[in-house]
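A short write-up of the structure that comes next.
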Amino acid sequence: MSSTLTARRPGSSFKRRNTLLGWSFILPNFVGFAIFTLIPVIWLFYIAFTDWNAFGKANWVGVANFTRLIGDSSFHVALKNTLYYAVFHIPLTLAISLALALLLNSKLKGVAFFRTAAFFPYVTSIVAIAVVWNMLFSPDTGPINQLLRALGVDNPPGWTTSADWSMPAVIVVGTWREMGYYMLLFLAGLQTIPRQLYEAARMDGANAWQRFRNVTVPSLRPTTFFITVMLTIGSFKVFDLILVMTNGGPGQSTLVLSQFIYTKGFMENQLGYASSSSIVLFLICISVTVVQFLVNKRRDA
Amino acid sequence: MATSTVTTLVGDLHPGSGRSRAPRSARRRIGRLVGYVALVIAAVGVLLPFFWMLMSSLKTNNEVFTIPVQWIPKTFVWQNYVEIWQKSDMTTWLKNTMILSVVVTFLQVFTGSFAAYGFSKVRFPGRDALFLAYIGTIAVPWQAYMIPQFILMSKLHLSNTLWAIIALQAFGAFGVFLMKQFYETVPEDLSEAARIDGLSEYGIWRRIILPLSVPAIASLTLLTIVNTWNDYLGPLIYLRSPELWTIQIGLKTFISQYNAEYALIMTGSVLSVLPIAIIFMLGQRYFVEGIATSGVKG
């Protein structure tokens, strides 16, 4: 990276040559990227301010869509449910994947096998996962409630058939699916911690908990932060798992932001209105990323 | 960076230390025991749903839900694996999914590695700003721009064709990002030597960089195949005609059509997961590598 073409052969004609050369490499990917990602993202900010309904003309309506969002009770429910999912999914996944990573970072046999196994749910399709878990959660005869009854729970929850328990069911499955992925990231972070730090702590008489508290946790801070950001974005855009498992129900008990956009846009053809709620999702995810960027920058400085 | 992370990940995992006094070794043994118990519980928690899926796919329909749970079927009903092909259009779904996986993966790997070369080895004005635009869109969820994208695809008459999914998946920023991360680790001296020998930049990419980046290409290939195979939302929105359905859409439709045929539904699920399971087993090293490369740097 240090010596580059421009550095070696200065002069504007070489610069032009380099520009052409660079673009020729990037172009095949960029054409597709620009048409199918960049343009839609930019266009979103126009459509959101129109009353487009797929058939008629798009009329500019200013912020009308956004004022409608503020008063839309379905949108409130979707926002609230998305937060509900995020508030439980993020800490739960953090805790479990960190615990698994610590376990795998020890001198136990079978660790390599478990690393593979734990990652498997992450590469399995949502449809297969959702249908299996729906059966496992089946209220009367499903294995989970049979287990709960055996453990002495007289009235086990109705899970995906109950408005109160459908979201916890989705959270359980979401966490189960993703924990192996974040476990790998934590594991990679754990392996960058110098062994001498643990030895020094041991010399000072620190027990296992104190070593975890004073060596592992501070050293893992960048990893933990990165994972939290990823989990936050992932939670706010959660969609396919819910669509297949509960389809937003029962009632509106698992209706989330992405599904609100999907329903308004593709079911009800309210493209303008759906786009304005897309912008809300967009802004949430972008601000999370910007915060990450700023914090990283401050740390590097 | 990629390779070093991987060797530490795959290789020696233990920050162990020398054993010392006796009481500690007794405490240690208890600690190990607790560790093993935790590992077994976690493994059961992860794998039991898959085991239940596999076993249910080999039961008669009445045996799927029994009290108490029957973990292993009395007789293995292999017939389910014949019947599913008769009751569903599995062949079409698998064919479409395979076409998409191959084409998308080829395009993603080719354009991604090509563009990554431009971003990491050629310096020109505006390059870093352009790369920032790429990275920025990784943070934008697809759900946020699926509506304008759908309108655009419809205007281009790509909606309800397999091309829509190819266009959607093949030019992602992720591939460019992953390959660039890897190229940054390739020493510039190699390209420099080739340049002196008169090789063009395209030649350097083709003859030097590409052969060196086989591990990164393997990671990207596997991650892209899995992604395309498992994609549910893209096909749901774009593929309306049954003859275009992928395995995910097909399976979901089958589930709603035969919603009481529990054993057959599980059979279909097993078949939909099987190819990915095989690919994953064969290439799990590269999955770990890809995740570590794209994740740790963040």
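Rundown of residues vs (1) at pLDDT below 90; (2) surrounded by fewer than 22 Cβ atoms within 10 Å (Cβ to Cβ); (3) closer than 25 Å to B:N80 by Cβ, yes/no style:
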site	(1), (2), (3)
B:T228	no, no, no
B:I237	no, yes, no
B:T246	no, no, yes
B:I249	no, no, yes
B:A260	yes, yes, yes
B:L271	no, yes, yes
B:I276	no, yes, yes
B:L282	yes, yes, no
B:R285	yes, yes, no
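Write out, first by first residue and then by second, each pair whose Cβ atoms fall under 7 Å of each other, whose residues are 6+ apart or on separate chains, and whose first residue, in region B:46-75, is outside the structural domain of B:V270 (by TED's automatic domain parsing) while the second is in a loop (DSSP other than H, G, I, E, B) and of a type in the set (S, T, N, Q).
If the second residue must be in a loop (DSSP other than H, G, I, E, B) and of a type in the set (S, T, N, Q), the pairs left are B:E63/B:Q70; B:F65/A:S138; B:F65/A:T141; B:I67/A:T141.
Restricting attention to helices (runs of 4 or more DSSP H) lying wholly within region A:2-107, give those where 1 or more residues are farther than 30 Å from A:L190 by Cβ and touching an Asp or Glu at 6+ places or on another chain (Cβ under 7 Å). Spell out how you get there, then give the answer.
On the way: elements: A:5-8, A:12-33, A:39-47, A:64-71, A:73-104.
Because the criterion is at least 1 residues that are farther than 30 Å from A:L190 by Cβ and touching an Asp or Glu at 6+ places or on another chain (Cβ under 7 Å), the helices (runs of 4 or more DSSP H) in region A:2-107 that meet it are A:12-33.
Within region B:70-122, how many residues are surrounded by fewer than 17 Cβ atoms within 10 Å (Cβ to Cβ) and part of a loop (DSSP other than H, G, I, E, B)?
10
Could you look through region A:121-139, keep only residues that are more than 7 Å from chain B (Cβ to nearest Cβ) and not in a helix (DSSP H, G or I), and pick out the one that is modelled with the highest pLDDT?
First, the residues of region A:121-139 that are more than 7 Å from chain B (Cβ to nearest Cβ): A:122, A:129-130, A:134, A:137, A:139.
Those still in the list that are not in a helix (DSSP H, G or I) too: A:137, A:139.
Details: A:F137: 90, A:P139: 86.
Taking the candidates together, the pick is A:F137.
For every residue, the table says whether it meets (1) modelled with pLDDT of 90 or more; (2) surrounded by 14 or more Cβ atoms within 10 Å (Cβ to Cβ); (3) farther than 30 Å from A:L220 by Cβ; (4) more than 8 Å from every other protein chain (Cβ to nearest Cβ).
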| position | (1), (2), (3), (4) |
| --- | --- |
| A:F33 | yes, yes, yes, no |
| A:A48 | no, yes, yes, yes |
| A:N65 | no, yes, yes, yes |
| A:L69 | no, yes, yes, yes |
| A:V87 | yes, no, no, yes |
| A:L94 | yes, yes, no, yes |
| A:S106 | no, yes, no, no |
| A:G110 | no, no, no, no |
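Determine whether B:F119 is in the same structural domain as B:A216 (by TED's automatic domain parsing), at pLDDT 85 or above, under 22 Å from B:V226 (Cβ atoms) and out of contact with any Leu (no Cβ under 6 Å at 6 or more places or on another chain). Before the answer, list the steps.
Numbers: in the same structural domain as B:A216 (by TED's automatic domain parsing): yes; at pLDDT 85 or above: yes; under 22 Å from B:V226 (Cβ atoms): no; out of contact with any Leu (no Cβ under 6 Å at 6 or more places or on another chain): yes.
Answer is no for this residue.
Test A:G272 against the stated conditions and say whether it is within 11 Å of chain B (Cβ to nearest Cβ), buried (at least 24 other Cβ atoms within 10 Å of the Cβ) and not hydroxyl-bearing (S, T, Y).
Details: within 11 Å of chain B (Cβ to nearest Cβ): yes; buried (at least 24 other Cβ atoms within 10 Å of the Cβ): yes; not hydroxyl-bearing (S, T, Y): yes.
Yes; evaluated as a whole, the condition is true for this residue.
Which residues, taken from region B:181-207, are in a helix (DSSP H, G or I), β-branched (V, I, T) and more than 13 Å from B:F114 (Cα to Cα)? Before the answer, list the steps.
Of all residues in region B:181-207, those in a helix (DSSP H, G or I) come to B:181-183, B:188-196, B:201-207.
Filter again for β-branched (V, I, T), leaving B:196, B:204.
Result: B:I196, single match.
Considering each residue of region A:145-203, count those that are free of Cβ contacts under 8 Å to residues at least 24 places away in the same chain, within 11 Å of another protein chain (Cβ to nearest Cβ) and in a loop (DSSP other than H, G, I, E, B), and give that number.
Count: 1.
Quick one: B:A218 ticks every box in (1) under 30 Å from A:F225 (Cα atoms); (2) crowded, with 20+ Cβ neighbours inside 10 Å except a single one, so which number is it?
(2)
Checking A:N81 against (1) more than 21 Å from A:F226 (Cα to Cα); (2) polar (S, T, N, Q); (3) modelled with pLDDT under 90, which single condition isn't satisfied?
The failed condition is (3).
Checking A:I42 against (1) touching a residue at least 12 places away in the same chain (Cβ under 8 Å); (2) of a type in the set (A, V, I, L, M); (3) surrounded by fewer than 17 Cβ atoms within 10 Å (Cβ to Cβ), only one condition comes out false. Which one?
Failed condition: (1).
If I ask for residues that are hydrophobic (A, V, I, L, M, F, W, C) and within 10 Å of chain A (Cβ to nearest Cβ), which ones from region B:255-273 would you list?
So in region B:255-273, the residues hydrophobic (A, V, I, L, M, F, W, C) come out as B:255, B:260, B:263-266, B:270-271, B:273.
Selection gives B:I255, B:I265, B:M266, B:V270, B:L271, B:V273.
Quick one: which residue in B:V109, B:V46, B:V102 is at pLDDT 90 or above and more than 12 Å from every other protein chain (Cβ to nearest Cβ)? Talk me through it step by step, then tell me what you get.
Working: B:V109 fails: more than 12 Å from every other protein chain (Cβ to nearest Cβ); B:V46 fails: more than 12 Å from every other protein chain (Cβ to nearest Cβ).
Every option except B:V102 fails the conditions.
For region B:220-227, indicate whether the set of residues that are within 8 Å of chain A (Cβ to nearest Cβ), within 30 Å of B:L94 (Cα to Cα) and touching a residue at least 12 places away in the same chain (Cβ under 8 Å) is non-empty.
Quick first cut of region B:220-227, residues within 8 Å of chain A (Cβ to nearest Cβ) only: B:226.
So of that shortlist, the ones also within 30 Å of B:L94 (Cα to Cα) come out as B:226.
If we keep only those that are touching a residue at least 12 places away in the same chain (Cβ under 8 Å) too, we end up with B:226.
Looking for residues that are within 8 Å of chain A (Cβ to nearest Cβ), within 30 Å of B:L94 (Cα to Cα) and touching a residue at least 12 places away in the same chain (Cβ under 8 Å), one finds at least one in region B:220-227, hence yes.
Determine whether A:A118 is closer than 16 Å to B:V40 by Cα and either in contact with a strand residue (DSSP E or B) (Cβ under 9 Å, 6 or more places away or on another chain) or modelled with pLDDT of 85 or more (or both). If you could, list the steps in order and put the result at the bottom.
Working: closer than 16 Å to B:V40 by Cα: yes; either in contact with a strand residue (DSSP E or B) (Cβ under 9 Å, 6 or more places away or on another chain) or modelled with pLDDT of 85 or more (or both): yes.
Judged against the criteria, A:A118 is a match.
Tally up the residues in region A:220-251 that are free of Cβ contacts under 8 Å to residues at least 40 places away in the same chain, part of a helix (DSSP H, G or I), more than 10 Å from chain B (Cβ to nearest Cβ) and in contact with a helix residue (DSSP H, G or I) (Cβ under 7 Å, 6 or more places away or on another chain), please.
Residues in region A:220-251 being free of Cβ contacts under 8 Å to residues at least 40 places away in the same chain, part of a helix (DSSP H, G or I), more than 10 Å from chain B (Cβ to nearest Cβ) and in contact with a helix residue (DSSP H, G or I) (Cβ under 7 Å, 6 or more places away or on another chain): 0 in total.
The values are calculated or read from the model by the stated rules, or taken from the named source; none is laboratory data. Because the structure is a prediction, the values reported are computed rather than measured. Note that each Cβ is placed from the backbone with ideal geometry, even for glycine, and that neighbours are counted across all protein chains shown.
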